[in-house]
Structures are given as structure tokens and as C-alpha cells.
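Input: a single structure, listed below in C-alpha cells.
Any read-out appearing in this document is the output of simple, stated calculations on the displayed coordinates, not a laboratory observation. Quick caveat: nothing in here was measured; it's all calculated off a predicted structure. Glycine gets a Cβ as well: all are built from the backbone with ideal geometry, and neighbour counts include every protein chain shown.
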Amino acid sequence: MTIALLSLSRLCFAWCAFYLALSLQSAWWASKRHGSKTLFLEIQPYRASGKREKARATLLRRVALGAIFAIPVGLATWLLAVVKGA
């Protein structure tokens, strides 16, 4: 049971890391497009200018929603695994 809980918590934290990497990549693309050295986070699909950018912003928004739910689940399963293992 402890191994399953730890695996679930690692999966949740990996999802959050995936969101962070995807968000930074999208910010890098947006800042490159605007010719700026600052990072612009674009998670609002209506502000995207092209078809691909709208799809990327929508994907980023969905992944962000999953990350919002994954953080508490990951913390809860990690704490439960620590309590069960002790």
C-alpha cells in the first residue's frame, strides 16, 4: 500500500513538473515572438494570435487545471504513505 501511495504522489509531482516545463516553454516561445527578454505566460486562449497558439494555450490551461488538483492529491498521498510507513 505504501508503494502505491508513493507512486501516486510521484506521479502527481511529475505532472506538476510537466506543467512547469510546458509553461516555461510556452513563455519562452511567447517572449521570442514578441522580441522581448522577459517571459510572458500565456494561459488565456483568447489572447493567442494564431490557431496553433490558441491550441497551445488551451492545452496549457488544461494541464494547469490538472496540476492544481494534483498538488493536494500528491501531498495527501505522500503524507499518508509517510504515516503508514512509520
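Observations on the model:
- Listed from fewest to most Cβ neighbours within 10 Å, the set 8, 59 follows the order 59, 8.
- Rounded D (µm²/s) - the chain, Kirkwood Rh over Cα pairs, Stokes-Einstein at 10 °C, 1.306 mPa s: 111 µm²/s
- Note on residue 38 and residue 83: the model spin-label points, each 7 Å out from Cα along the C-beta direction, lie 4.4 nm apart.
- Lysines with Cα under 22 Å of residue 32, excluding same-chain neighbours fewer than 8 positions away: 51, 54
- The chain - charge dipole about Cα centre, Lys and Arg +1 at Cβ, Asp and Glu -1, debye rounded to 20: 400 debye
- Modelled spin labels at residue 49 and residue 21, positioned 7 Å past Cα toward Cβ, are 2.8 nm from each other.
- Helix 51-85 vs. the chain, principal-axis angle (Cα, 0 to 90°, nearest 10): 20 degrees
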